[in-house]
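Notes follow the structure.
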Amino acid sequence: MINSENLSFQLVDVLLVLAFCGHIAWTVKASSQCKQALSREIRPHSVAITEFGAVGDGVTLNTKAFQNAIFYLNSFSDKGGAKLFVPAGRWLTGSFDLISHLTLWLDKDAVILGSDNPDDWPVVDPLPSYGRGVELPGGRHRSLIYGRNLTDVIITGDNGTIDGQGSVWWNWFKRKTLDYTRPHLVELMNSTGVVISNLTFLNSPFWTIHPVYCSHVIVQNVTILAPLDSPNTDGINPDSSNGVCIEDCYISTGDDLIAIKSGWDEYGISFARPSTNIIIRRLIGHNRNGSGIAIGSEMSGGVSEVYAENLYFFDSSTAITIKTARGRGGYVRNIYILNVTLVGVDTAIRFDSTFSPHPDDFYDPNALPVIERITIKDVVGNNIKVAGLLKGIEGDTFHHVCLLNIALTVTSGSPWNCSYVQGYSAMVSPETCEPLKESIYPNHSSDCYHLSNHLRSSGNQNKGSWLHS
C-alpha cells in the first residue's frame, strides 16, 4: 500500500479516495474457493512407492513402479481414497497417470526426477481448444504427472521436489529438433477438486503446472524454479478453468510466472470454455523474458473475474501484461489487481496487441478481442524503466481501463505510451497518458471494475506483513 505521507494530495483528492474505497469494499472475508489446503488429510489406505519395487538411486527408471502402485490404489478410490508415499531418495520416472481420490505425498528429501528419454513421455492428442500442439503441429508430449477426468486429487508433501530435468528439452527446442510440443511438468485435464501444495517444482521442460478444463483448483505454498533463460517455462497456467486459487507462491522462471489462458484463435472460440473466477494473492517472483501475471496470449475462450493482490515482482521484464491480437477473438474483462510492489522492472503495465502467432491459416482475421474493465490499484515501484505500454487495436479500443493510486520511480523520459485505449485515472505518478487522464471521480467510479461479491479475500487485512514474515 502506498504510504500517503510520501504523496502530496489535496484534501479533496483524499476525500474522493476514501469515498471510492468505501464504494468498492475490497477489505473482505476469505473466499470459499481459497480454503486452506488439507494437505495432511488422512486417507484410509496408504502405500509407499518402494512396495512396488521402486529404487531411489536417481538412475533406475521407476515408471512401472509408479504405474503399478497407482493401479493398485485405484481399488480404494470408492473406499475413502488412498495415499502414495514417496520417501527420501531420487526417483527417476517417465510420465504416469493419477487417479481420483488420491494423495501423492513427497517426503521432504524425496525428489521425483523426469526421465531425459523422450520415449518415456508418450505423445498425446492436442488440446481441442488449441487444435494442435502449441509449438508444433500435431500432438504433444504428455506431462510427467498427468491426470484427466479426476475428482479429489492432492499433490503435496513436506516440501519435497519434482524436477523435470528440462535442460535436454530446452536444447532440443533451441536447436529446432523437436518432433512434438514439449511436455508440462504437471497437467490435469477435466478435473475438479485439485490441490497442489507444499512442494518445490524445478526445471520443467515447458509450462510447469497446467490445470486445463478444470474447476475448484488450489495451488498453495509452492516454489517453482527454472533458469531465467530457459524457454517458455511458465510457472502456473490456469487454462479454460473455473474457480482457481493461487496463493503464497515463489516463482522464478524463464517466462511468465502466472499466465491465464483459454484456447487459441478459432479453436478456443469454438470450444468456448473461459477461464473465470481466478484469485491470485501473495505472489513473489521474477523473470527476464516474461511477466509476473499475464493474461493470454491464447485467450480466445475468454477470461474474466480475475482478482490479484499482494504481489511483489523484482528484477523482471514486465509486471502485468494482457497479450492478444487480431484473430484471437474472445474477451478479457473484469480484472482487478491491487497492492503491487515492483523493484527493478522494465515495464510495469503492458497491453500488447501484437501476439499474433496463429495455429493455422483458418483463423478469422476479423475476430477482434474485447478488452474492458481493467482496474489496477495501489502500485508502488522503484527503478522502473517504463510505467506503461498500453497498445490497443485500431478499430478495437480497449475500454474502461482504470488506474488508481500508482506511484512509480521511472527512469525513462517517456513513462507512458498509449494508443487505442480508453479509461480513467486518479493519483498516478508519473502522470498517465492522455487517453487515461480523465478523472475517475466523481462521474466514472462505476465504470471501473472492482471485486465482485462472490470473489472475496482477507488478504488486505494484513497488508505488507506477508513480505516480512
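Details
- Residue that is farthest from Val168 (Cα to Cα) [pool: residues in segment 243-263 that are out of contact with any His (no Cβ under 8 Å at 6 or more places or on another chain) and among the polar types (S, T, N, Q)]: Ser262
- Residue match in segment 211-229 (condition: under 22 Å from Asn190 (Cβ atoms), in contact with a His (Cβ under 6 Å, 6 or more places away or on another chain) and part of a strand (DSSP E or B)): no
- With a requirement of 2 or more residues that are within 16 Å of Gly160 (Cα to Cα), open to solvent by less than 50 Å² (accessible area, probe 1.4 Å) and not β-branched (Val, Ile, Thr), the strands (runs of 3 or more DSSP E) lying completely within segment 37-114 that satisfy it span 89-93, 102-106, 110-114.
- Among the residues of segment 430-449, those that are crowded, with 17+ Cβ neighbours inside 10 Å, modelled with pLDDT of 95 or more and not in a loop (DSSP other than H, G, I, E, B) comprise Pro435, Leu436.
- Residues that are open to solvent by 10 Å² or more (accessible area, probe 1.4 Å), touching a Phe, Trp or Tyr at 6+ places or on another chain (Cβ under 8 Å) and among the β-branched types (Val, Ile, Thr), drawn from segment 302-360: Thr341, Val343
- Matching entry among Ala294, Ala348, Ala387 (being closer than 26 Å to Phe206 by Cβ and part of a strand (DSSP E or B)): Ala294
- Residue that is farthest from Asp364 (Cα to Cα), among those in segment 259-278 that are surrounded by fewer than 24 Cβ atoms within 10 Å (Cβ to Cβ) and among the aliphatic types (A, V, I, L, M): Ala272
- Test: residue in segment 210-221 that is among the polar types (S, T, N, Q) and within 20 Å of Trp121 (Cα to Cα): no
- Residues satisfying the stated conditions in segment 153-190, i.e. over 16 Å from Arg142 (Cα atoms) and part of a loop (DSSP other than H, G, I, E, B): Asp158, Asn159, Lys176, Thr177
- Subset of segment 164-189 [over 19 Å from the mean Cα position of the chain (by Cα), open to solvent by less than 40 Å² (accessible area, probe 1.4 Å), farther than 15 Å from Asp229 by Cα and not polar (S, T, N, Q)]: Leu178
- Taken together, Leu136, Leu127 contain a single residue that is in a loop (DSSP other than H, G, I, E, B), of a type in the set (A, V, I, L, M) and surrounded by fewer than 18 Cβ atoms within 10 Å (Cβ to Cβ), which is Leu136.
- Any hit, segment 201-214, residues being surrounded by fewer than 24 Cβ atoms within 10 Å (Cβ to Cβ), in contact (Cβ under 8 Å) with a residue 60 or more places away in the chain and at negative phi: no
- Filtering segment 253-270 for residues that are in contact with a helix residue (DSSP H, G or I) (Cβ under 8 Å, 6 or more places away or on another chain), closer than 15 Å to Gly329 by Cβ and in a loop (DSSP other than H, G, I, E, B) leaves a non-empty set.
The values are calculated or read from the model by the stated rules, or taken from the named source; none is laboratory data. The structure displayed is predicted, hence computed values, not measured ones. Here the Cβ is made from the backbone with ideal geometry for all residues, glycine too, and neighbour counts use every protein chain on show. Keep in mind that these areas ignore ligands, DNA and RNA; they rest on the heavy atoms of the full protein, side chains included. Shrake-Rupley method; radii C 1.70, N 1.55, O 1.52, S 1.80 Å.
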